[in-house]
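Notes for the one structure printed next.
The values are calculated or read from the model by the stated rules, or taken from the named source; none is laboratory data. No experiment lies behind these values; they were computed from the predicted model shown. Positions of Cβ are generated from backbone atoms using ideal geometry, with glycine treated the same way; all protein chains shown enter the neighbour counts.
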Amino acid sequence: MMTNNDELLSQVLARKMELQKWDFHFRRDLYDRELVKLDELNELLDQSGVAEPRDVPDQLLWQATSSGKFSVKSIYNLAFSSHSNHDETFELIWKNVAPPRVKSFGWLAYLGRIKTSEFLLRIGIIQSDEDTLCKFCKKSLESVDHLLYFCKPVWDTWTEILPWWGMQWVPPPTFAGLLHWWKAGIVKSKHKIIWESIPFAVIWTVWDARNQLVF
Ligand SMILES: [Zn+2]
């Protein structure tokens with residue numbers, strides 16, 4: 001988009017100091033929707049603390065460690081600290097008694113990134129003329145929401161389990177919403193571990209059954 005992609009951050013910053021606004025030298029006039037994005041970008045940059053032009057080459061720094069070097073531990077800490085206040089679902093998944101590979105699967109499902117037909121189609125691994133239907137009902141596109149939540153036999157499982165726990169619900173519209181709802185469910189504290197492991201037992205079993213049909 002910019003006329004000089006090799007321009008250093010320090011040069012862009014120097015221009016900013018001179019003009020008192022960000023100026024990126026775009027190749028063409030921006031469309032209205034792009035101008036909205038540009039406003040957002042300007043705001044982010046102003047808040048980001050990039051300010052002082054320095055004569056050092058541009059480089060990538062990992063902000064989650066003081067050394068600027070990437071470490072797995074730092075990303076784990078970052079994920080926990082940034083999610084724990086906002087996203088209880090994150091806690092439901094990662095502070096769960098389910099085995100690690102089941103938790104990982106639950107996390108990917110929550111993010112919509114398990115290898116359903118819909119996902120493979122979206123990332124171009126399979127084509128739309130291939131069989132993308134749910135392996136159970138052969139009626140709907142196999143998406144995370146359909147496969148792990150709305151497909152009839154799976155739906156029946158979820159709705160069968162709730163009364164065992166004296167639970168009623170207004171079904172959340174997505175699988176991610178279901179996990180969120182589950183975390184908020186009030187059960188006796190001594191039963192909490194079991195309650196919180198149920199969604200993962202269900203989806204792992206569903207995924208296993210689905211794979212047995214596929215492979
Ligand atoms: Zn189905």
Query raised in the report: Can you name the residue in the range 148-157 that is among the hydrophobic types (A, V, I, L, M, F, W, C) and over 16 Å from residue 106 (Cα atoms) and, of all such residues, is farthest from the ligand (Cβ to nearest atom)?
Result: 155
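Is at least one residue of the range 77-86 aromatic (Phe, Trp, Tyr), modelled with pLDDT of 90 or more and either part of a helix (DSSP H, G or I) or out of contact with any Ser or Thr (no Cβ under 8 Å at 6 or more places or on another chain) (or both)?
Initial filter on the range 77-86 (aromatic (Phe, Trp, Tyr)): 80.
So of that shortlist, the ones also modelled with pLDDT of 90 or more come out as none.
Within the range 77-86, not a single residue is aromatic (Phe, Trp, Tyr), modelled with pLDDT of 90 or more and either part of a helix (DSSP H, G or I) or out of contact with any Ser or Thr (no Cβ under 8 Å at 6 or more places or on another chain) (or both).
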**Report entry** Hits in the range 1-47 - residues which are assigned to a helix (DSSP H, G or I), among the β-branched types (Val, Ile, Thr) and closer than 22 Å to residue 60 by Cα
**Finding:** 12
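Could you tell me whether the range 131-147 includes any residue that is within 16 Å of the ligand (Cβ to nearest atom) and touching a Phe, Trp or Tyr at 6+ places or on another chain (Cβ under 6 Å)?
yes
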Query - Pair list, Cβ < 6 Å and 6+ apart or interchain, from the range 133-154 residues that are under 13 Å from residue 117 (Cβ atoms) and part of a loop (DSSP other than H, G, I, E, B) to residues that are near the ligand (Cβ under 7 Å from one of its atoms) and polar (S, T, N, Q) - result: 134/140
Report task. Please determine, by comparing only the residues of the range 102-119 that are away from the ligand (no atom under 16 Å from the Cβ) and not in a loop (DSSP other than H, G, I, E, B), which one is surrounded by the fewest Cβ atoms within 10 Å (Cβ to Cβ). Result -> 104
Query raised in the report: more than 16 Å from the ligand (Cβ to nearest atom) and of a type outside the set (S, T, N, Q), is that true of residue 210?
Result: no
Query raised in the report: Within the range 155-182, how many residues are assigned to a loop (DSSP other than H, G, I, E, B), of a type in the set (Phe, Trp, Tyr) and over 22 Å from residue 192 (Cβ atoms)?
Result: 0
Query raised in the report: Given the residues 200, 175, which is the only one that is surrounded by 11 or more Cβ atoms within 10 Å (Cβ to Cβ), within 19 Å of residue 102 (Cβ to Cβ), among the aromatic types (Phe, Trp, Tyr) and more than 15 Å from the ligand (Cβ to nearest atom)?
Result: 200
Query raised in the report: Mind checking whether some residue in the range 13-30 is more than 30 Å from residue 148 (Cα to Cα) and at pLDDT below 80?
Result: no
Report task. Among the numbered conditions (1) surrounded by fewer than 16 Cβ atoms within 10 Å (Cβ to Cβ); (2) on the phi < 0 side of the Ramachandran plot; (3) without any contact (Cβ under 8 Å) to a residue 12 or more places away in the chain, tell me where residue 165 comes up short. Result -> (3)
Query raised in the report: Which one of these does residue 192 not meet: (1) touching a residue at least 60 places away in the same chain (Cβ under 8 Å); (2) under 19 Å from residue 97 (Cβ atoms)?
Result: (1)
